[in-house]
Amino acid sequence: MFEKNKSLLWRYFILIIGLLSIFLIWLNPSVYLKGKEKLELDVYTNYKEPGYSASFLLKDLTSKVIVTSNIDNQKLGTYEVRYDLSYGAYHTKKTRYVNVIDRKKPIISLKGESSVSVCPSKSYVEEGYKAEDNYDGDITEKVKLEVNKNEIKYTVKDNSNNEASMTRKIIYEDKEAPTLTINGNNIINVYLGTTYEEPGYTATDNCEGDITDNVTISGSVDTNTVGEYTLTYSVSDKNKNMSTITRKVKVIKKDTPIGSGDGKVIYLTFDDGPSASITPYILQILKEENVKATFFVINHDDSLNYLIKQESDDGHTVALHSYTHDYSYIYSSVDNYFEDLTAIQNKVKSITGKKSTVIRFPGGASNTVSRKYQSGIMTTLSKEVVNKGYNYFDWNVDSDDAGGARNKEAVYQNVVNNLYYQNNVILMHDFENNYKTLEALRDIIQYGKQNGYVFKAITDNTPPSRHAVNN
């Protein structure tokens, strides 16, 4: 009987000890985490604590919790946020795990356009690409190319397996017209009874190269009959893109002074200056001959600003040509053109104190080189400049001093043999080392004076000489 009671008492004792243990555990302070115990955090993103609470015997102990963390949001990895609570003889801790990860896709950027036209007979030559990742940095070397006939797919994965892709479309077509250029002037005078000699022409195509042999000329010149004749030069590439340009040939009597008639005027114009080697001496000749001229200036070293000031002070017209004279920039968009024009206008005004609105397009309004950069831009610009209050001038007499004229005699002959209009706008240049024009200038002026011409500077009231727009 005693042994039986002893066994029962022992069981009660163990039960009491167990209940007491549970009670003691229940009495231990508790920390409760809000949100998940395992979180993901995007790299470079600041960690925001979801919150926590703590209590003991219904008493709020949240304020006594000490939170510590080893999170580095600049580096991928798993980190801990520890919550420690000490209260009396009790100590409780809790841990939250934060995994800093990279979920952002890399960025692929293509050099050139995402849709490119390629000549049908040629293959696309890769222009280049770049891949950058927010965490891994430059990962261009990881880019994989999938080349098909009409597209190239660029794919890249970063070290976190985030994938990005981009496609470049390849369009095999040729919509660009050939570039057709005639040698010599657009207007040529020949005397009655002589022989007209064709100065020549060249034609190049973006796909086929030199296609000068494909050029056809329509029209003819009868040098036995006084009159004006038009020659039309045409060329087409294999894809039927066509370019045309015209030249006027005037057959005149030998005993008729070229340019005869009332109000004969010569407008001497100089492009692409000023220059230290040429402009000062041109200004000296003009002063000695009491002749006014027009200078279509571009931006040079500021050390040459004094020449622009002198041009203005001497009574010449300082007109606007270009700030950069970079065809690929100014003719790539209307905005670029006017940004360039405004820059040279502001520079001239800062030097002379005058706002010039007389302008000349680089290459002239008839240029075709602009087709390489934007189709139809000259058609737009020739209207927009007028709408904005500018007055643009081309020329009707070309000295060819920036082309085939090799010496002063050639420059002189190109000018005096083509004086025909009452308003002769002569294209010349005062760029660096253009001595052939400098050496021919006085003879050109004296020829004009001897043949009844007067010399004037272009103003906004001057009748404009303008070419046909070819783009």
Fill in: Size-normalised alpha-carbon gyration radius of the stretch 161-244, reference 2.2 N^0.38 Å
1.76
Worksheet, complete the sentence: Per the 1/(1 + (r/R0)^6) rule, R0 = 41 Å and r from the Cβ atoms of residue 443 and residue 339, FRET efficiency to 0.05 is 0.50
Worksheet entry | With at most 15 neighbouring Cβ atoms within 10 Å, loop GluC sites (Glu not before Pro) (DSSP) excluded, longest segment of the chain | 198-431
Worksheet item: What does the accessible area per residue of the stretch 111-234 come to in Å², with a 1.4 Å probe and no ligands, DNA or RNA counted?
Response: 57 Å²
Item to complete: Grab the eigenvalues of the alpha-carbon gyration tensor for the stretch 61-151, scale each by 5, take roots, and send me the semi-axes largest first in whole angstrom.
Response: 56, 9, 9
Fill in: Label-point gap, in nm, between residue 30 and residue 132 - each point 7 angstrom along Cα→Cβ
5.2 nm
Item to complete: Give me the percent of the accessible area of the stretch 220-323 that comes from carbon and sulfur atoms, probe 1.4 Å, all protein chains in place.
Response: 45 percent
Worksheet item: Considering only protein heavy atoms and a 1.4 Å probe, what is the carbon-and-sulfur percentage of the accessible area of the stretch 347-391?
Response: 44 percent
Worksheet item: When only DSSP loop residues count, what chymotrypsin sites (Phe, Trp or Tyr not before Pro) in the stretch 27-67 have their Cβ near at most 13 other Cβ atoms within 10 Å?
Response: 44
Worksheet item: Taking every pair of alpha-carbon atoms in the chain, what share in percent sits in each 20 Å bin, from 0 to the bin with the longest distance?
Response: 17, 32, 19, 13, 10, 6, 3, 1, 0
Discussion item. For Cα pairs less than 8 Å apart in space and 6+ apart in sequence, what is the mean separation divided by the residue count of the stretch 119-190, i.e. the relative contact order in percent?
Written reply: 23 percent
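The values are calculated or read from the model by the stated rules, or taken from the named source; none is laboratory data. Everything numeric in this text was worked out from a predicted model, so none of it was measured. Cβ: placed from backbone, ideal geometry, glycine included. Neighbour counts: every protein chain shown. For accessibility, only protein heavy atoms count, side chains too; no ligands or nucleic acids. Shrake-Rupley method; radii C 1.70, N 1.55, O 1.52, S 1.80 Å.
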